[in-house]
Every structure is written in structure tokens, then in C-alpha cells.
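Taking it in order: structure first as C-alpha cells, then the write-up.
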């Protein structure tokens, strides 16, 4: 994996990062979290700029998830049934994500980035449910920022301990995911309470 990333960075620079994240979000089997943490590791060594890496990561994620939404909205379930299995997007996975979407609602678009196997499907499911693109953009783009920041910063902080990054990401990603959920819920509750107080103040 490292060799492929190094090759892309050496030959295509930040553009290679953008392309990998676009195709990864759409559904190709690319270990996105490992990619982002390795980018953070390169930031630590001064090979990449932290800010530019974040911008490119967010851009690649945003473009990828927007394309996924467009594909789901334009072509619907028949296309996913026909070509989805070729990139490991099965009807069973779409159905399970649909159930999650029904339970959690629109926040799944945001936190779905942190759930392996769900990140690639939330945009398709949102589109199949005719979810408003304006609302989709709010959750999807905010999620892209949080996700990119989390894993690039993780790689940067671990620095020389890169050999442990793969272990951390695979072993503790669920704990990281749960932490992110708690933070997101707290932010949401704070925002909702603030809105309620603001509405009360109008009367």
C-alpha cells in the first residue's frame, strides 16, 4: 500500500490523493483510512503540506460522495444491482445500509464515513430515497471534513510509529468511530438546544 501511495505522490502529487479518494468513496476496494493516515505520516516527515493534504482529501471525498449520489439518483437500484457486485456493493449491503438509514436518518451520511462498508453506500441510499441534495451536501461535506481531519491528523501525530498505524486503524477504528459519534451527538444536541432557545426568544 505504501509503495502505491508513494508512487502516486511522486508522480501525480496531491492530484493522486484526490483521485484515490474519489474512486475509493465511489466503491473501489481502497483502504481509505490507511491511505489518509499514511498521508499524515508523510506530512510528519515534511514530504506533504498538512493544510494542502487536508484540502485535497476533503476535495476528493466530496467529489467521490457527490458522484455516488448522482449515480444513485440518476440510474437507481438497477445499475447498482448490475455493476455493484463487481466493486463489492451487493444488494444485501445496500439493504442493510437502508435499514440503518431508516433508523438513524440523515446523520448516517455524516457518521457513515467512519463505518467500514457503509461509507461507500450512504450516498447511493440517500439518492435512492430521494433525499434532498441540499441536505445531503450539509451532512456529506461536513463528514468529509471530519473524516479527513481525523485520519490525516492521526497519521501525523503517530509519526515514527507508522508501523503501528495499520494495527491501530484496524483494531481501534470502532472505538474511534464511537468517539466521533459521541462528539457528533453532543454537537447536534447543543445546536438543537440553541435553536429551541432562539425560537422561544422569538415569542
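Some points to look at:
- Inter-label distance, nm, simple model (7 Å from Cα along the C-beta direction), residue 28/residue 145: 2.8
- Length available on full extension from residue 135 to residue 95: 0.36 nm per residue minus the Cα-Cα distance, which gives 12.2 nm.
- Working from Cα pairs under 8 Å separated by at least six residues, relative contact order for the range 107-147 is 57 percent.
- Using the Cβ-Cβ distance between residue 70 and residue 7 with R0 set to 45 Å, the FRET efficiency from 1/(1 + (r/R0)^6) comes to roughly 0.95.
Just so you know, all these numbers are worked out from the coordinates, no wet-lab data involved. It should be emphasised that the depicted structure is a prediction, and the values quoted were computed from it without experimental measurement. Cβ: placed from backbone, ideal geometry, glycine included. Neighbour counts: every protein chain shown.
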